[in-house]
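Student: Once you've had a glance at the structure underneath, I'll fire off some questions.
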Amino acid sequence: MLKVENLNKHYCSGIIRKHHVNAVKNVSFEIQKGNILGLVGNSGCGKSTVARLIMRLIEPDSGKIFLDGIDLMGLSYQKMKEQLTNIQIIFQHPESSLDPHKKILSSLLEPMEIHGIGSCKEERIAKIEELFDLVGLKNNLFTRFPHQISGGEAQRIIISRAMALNPKVLILDEPTSMLDVSIQAHVMNILKDLQKKRDMTYLFISHDLEVLSWFCDEIHVMNKGEIVERGSKDKIINDPQNPFTKELVDCFCKF
Ligand code: ADP
Ligand code: MG
């Protein structure tokens, strides 16, 4: 369903002294329909860059991305926008994903209108209400602004907004790491339920092996821009080979 081949991205920043970072180096992986792939690694190892490259929010230096057989790199901006019904991303900071000047209902309806989901406003609202039900939210949030809701509510709104477009693939970039511990498990359960109910394909990105081991069957370990080890959850946790994976597993096992 989602395949990336030899993705490379380097950043160059700084004004006088240029600073170069090879954020993503030769990253390749494939996720079959209905599967969850976990991508784990320390902060700064290039995980979010991989996510942004797949969404074409940034352009790779080289590499290929295929979504359900479609070569995303070959698409124009307009054609890529059309693909956004098939692939959606959920970021770490739910607040920054919502327009602070728009009421929640408008933020939810707008992408549905753009992508022609539902035949009329009433149908779109009914679909949002159905999704709110699934994620445990009430429609009294519709008339609020983003500053009038909690982080946990915001992330569940973002999940509903993404799901409303019926995507085939969902990229989750540390979706619960900014939430209170009490709400983290709740949001994780919602994501797992939705994945099962809709037979969705997830790329789940996290620095936390514990979260991934609960969520994913297959885990890829990233270090300094490269995938250094890949395998089933059991293999990664019980028989890590790479020294970096061993370190991650040691930290995980201490808890
Ligand atoms: P992660 O999500 O694993 O924490 P990122 O993909 O955000 O890592 O970042 C990978 C590396 O690229 C880091 O060293 C980060 O500082 C750098 N980086 C990310 N975005 C940019 C950018 N726009 N300009 C320059 N460097 C960047
Ligand atoms: Mg990140």
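The values are calculated or read from the model by the stated rules, or taken from the named source; none is laboratory data. Keep in mind that what you see is a predicted model, and the values were worked out from it rather than measured. Neighbour counts run over all protein chains shown; Cβ positions are idealised from the backbone, glycine included. When the accessible area is computed, the model is the full protein with side chains, heavy atoms only, and any ligands, DNA or RNA have been set aside. Shrake-Rupley method; radii C 1.70, N 1.55, O 1.52, S 1.80 Å.
Student: Take the solvent-accessible surface of the protein heavy atoms, probe 1.4 Å, and return the percent of it on the stretch 1-139 that carbon and sulfur atoms account for.
Tutor: Details: 3630 of 7400 Å².
For the stretch 1-139, the apolar C and S fraction of the accessible surface comes to 49 percent.
Student: Using the per-residue mean of other Cβ atoms lying within 10 Å as a proxy for protection, in what order, highest first, do the peptides 53-61, 81-89 fall?
Tutor: In descending order of packing, they fall as 81-89, 53-61.
Student: Pull out a ≥ b ≥ c, the square roots of the eigenvalues of the alpha-carbon gyration tensor of the stretch 3-59, then state rounded if a/c is under 1.5, prolate if not and a/b is larger than b/c, and oblate in the remaining case.
Tutor: Verdict is prolate for the stretch 3-59.
Student: Where the eigenvalues come from the Cα gyration tensor of the stretch 69-119, what are the semi-axes √(5λ) of the equivalent ellipsoid, largest first, in whole Å?
Tutor: 24, 15, 9
Student: Arranged from highest to lowest average of other beta-carbon atoms within 10 Å per residue, in what order do the peptides 216-229, 104-117 appear?
Tutor: 216-229, 104-117
Student: Using amide H atoms built 1.01 Å from N in the peptide plane, name the residues 5+ places from ILE89, or on other chains, whose amide H lies under 5 Å from its own.
Tutor: So ILE89 has HN proximity to ILE171.
Student: Evaluate 2.2 N^0.38 Å with N set to the residue count of the chain, then give the Cα radius of gyration divided by it. Don't skip to the end; give the middle numbers.
Tutor: On the way: Rg = 18.6 Å, N = 255, 2.2 N^0.38 = 18.1 Å.
The chain yields a ratio of 1.03.
Student: Can I ask one more? In square nanometres, what is one fourth of the surface area of the convex hull spanned by the alpha carbons of the stretch 211-255?
Tutor: Directional mean of the projected Cα hull area for the stretch 211-255 stands at 3.0 nm².
Student: Now for a separate question. Say each of ASP99 and ASN26 gets a label point 7 Å from the Cα, pointing the same way as Cα to Cβ; how far apart are those two points in nm?
Tutor: Each label point is offset 7 Å from its Cα along the Cβ direction, giving 4.4 nm.
Student: Related question: Give me the accessible area per residue for the stretch 62-168, probe 1.4 Å, as a whole number in Å². Could the numbers behind the result be given before it?
Tutor: Details: 5280 Å² over 107 residues.
Normalised by residue count, the accessible surface of the stretch 62-168 is 49 Å².
Student: Could you give me the percent of Cα pairs per 5 Å distance bin for the stretch 12-102, shortest bin first, beginning at zero and ending with the bin that holds the maximum distance?
Tutor: That works out to 2, 9, 18, 21, 20, 15, 9, 4, 1, 0, in percent per bin.
Student: Compute log10 of I(q)/I(0) for the stretch 102-170 with the Debye formula, placing one identical point scatterer on every Cα and leaving out solvent, at q = 0.12, 0.16, 0.20 Å⁻¹, to two decimals.
Tutor: At q = 0.12, 0.16, 0.20 Å⁻¹ the computed log10 ratios are -0.27, -0.48, -0.76.
Student: Let me ask something else. Which of rounded, prolate, oblate describes the stretch 151-203, given a ≥ b ≥ c as roots of the alpha-carbon gyration tensor eigenvalues and a/c under 1.5 marking rounded, otherwise prolate only if a/b is larger than b/c?
Tutor: Prolate, because a/c is 1.5 or more and a/b exceeds b/c.
Student: Can you divide the C-alpha Rg of the stretch 169-235 by 2.2 N^0.38 Å and report the result to two decimal places?
Tutor: Dividing the Cα Rg of the stretch 169-235 by 2.2 N^0.38 Å gives 1.14.
Student: Let's see if you can work this out: charge +1 on each Lys and Arg Cβ, -1 on each Asp and Glu Cβ, no other charges. What is the dipole magnitude of the stretch 1-122 about its Cα centre, in debye to the nearest 20? Working shown, then result.
Tutor: Values: 15 positive and 12 negative charges, 89 e Å.
It comes to approximately 420 debye.
Student: Under unit Cβ charges (Lys, Arg +1; Asp, Glu -1), what dipole magnitude, rounded to 20 debye, does the chain have relative to its Cα centre? Present the calculation step by step, with values, prior to reporting the outcome.
Tutor: Values: 32 positive and 32 negative charges, 97 e Å.
Result for the chain is approximately 460 debye, rounded to the nearest 20.
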